[in-house]
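The values are calculated or read from the model by the stated rules, or taken from the named source; none is laboratory data. What you are looking at is a predicted structure, and each value in this text was computed from that prediction instead of being measured. As a convention, Cβ positions derive from the backbone with ideal geometry for all residues, glycine included, and neighbour counts pool all protein chains shown. The protein model used for the area step is the full one, side chains on, heavy atoms only, and it has no ligands, DNA or RNA in it. Shrake-Rupley method; radii C 1.70, N 1.55, O 1.52, S 1.80 Å.
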Amino acid sequence: RSTLFPYTTLFRSVGDSLANLRDTLTIPDDSSPKLRGLGDVLFGLGEYRSAAKYYEMYLKKAPPNDTVIGNLSYALFKRGHYAQTLEVLSRAMHGDSNLVVAYYNIGELFLKEDKPFDARDAFRASIQIADSMSRAGRRPPDEARRAKVELERVQ
């Protein structure tokens, strides 16, 4: 533990001003439980840049884990990497309905960040994809219904 605190203090003092710089953070090749544990600690401290790196390394070594995928997508989202967030979420899901679910989740993330206009756009995208699935005779996931409810709420 004591070896993490100087680094987290440094990151907090610098803040996310490093977000626009090329990412040169390297993570030691360690066991998957240790990588996840360190990712969880950094995520809990709000150090999303480092947490994302640890989670990415963890996912290369271990089977997908919904909690890690959720934390990774949130860490990327908090850093303003919206496209990467969508990519992580859609990779974690399978089948034709993955974009419906991914756009719904992005909308929820925007709502948590008090960005209703961006949330509205994400919910609309989810609904449009779900509608195209329905027209093709496929059943959209339940997130399509939830996206409609949330869209009505933010309009």
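Computed from the Cβ-Cβ distance with R0 of 41 Å, the FRET efficiency linking residue 155 to residue 26 stands at 0.35.
Relative contact order (percent) for the stretch 34-155, with alpha-carbon contacts under 8 angstrom and 6 or more residues of separation? Mind dumping the intermediate values first?
Details: 141 pairs, mean separation 20.6, N = 122.
This gives 17 percent for the stretch 34-155.
Computing the accessible area with a 1.4 Å probe over protein heavy atoms, can you report the carbon and sulfur percentage for the stretch 45-155?
Here carbon and sulfur together make up 47 percent of the probe-accessible area.
Each listed q (0.14, 0.18 Å⁻¹) maps to a log10 I(q)/I(0) for the stretch 34-155, found by the Debye formula over equal Cα scatterers with no solvent: -0.61, -0.90.
Fully extended, how many nm does the chain gain between residue 60 and residue 138 (0.36 nm per residue separation, minus their Cα-Cα distance)?
Values: separation 78, 0.36 × 78 = 28.08 nm, distance 3.27 nm.
In short, 24.8 nm is gained.
Measuring with a 1.4 Å probe in the full set of protein chains, what accessible area per residue, in whole Å², belongs to the stretch 48-154? Write down the numbers at each step before the final one.
Numbers: 5730 Å² over 107 residues.
Computed with neighbouring chains in place, this is 54 Å² per residue.
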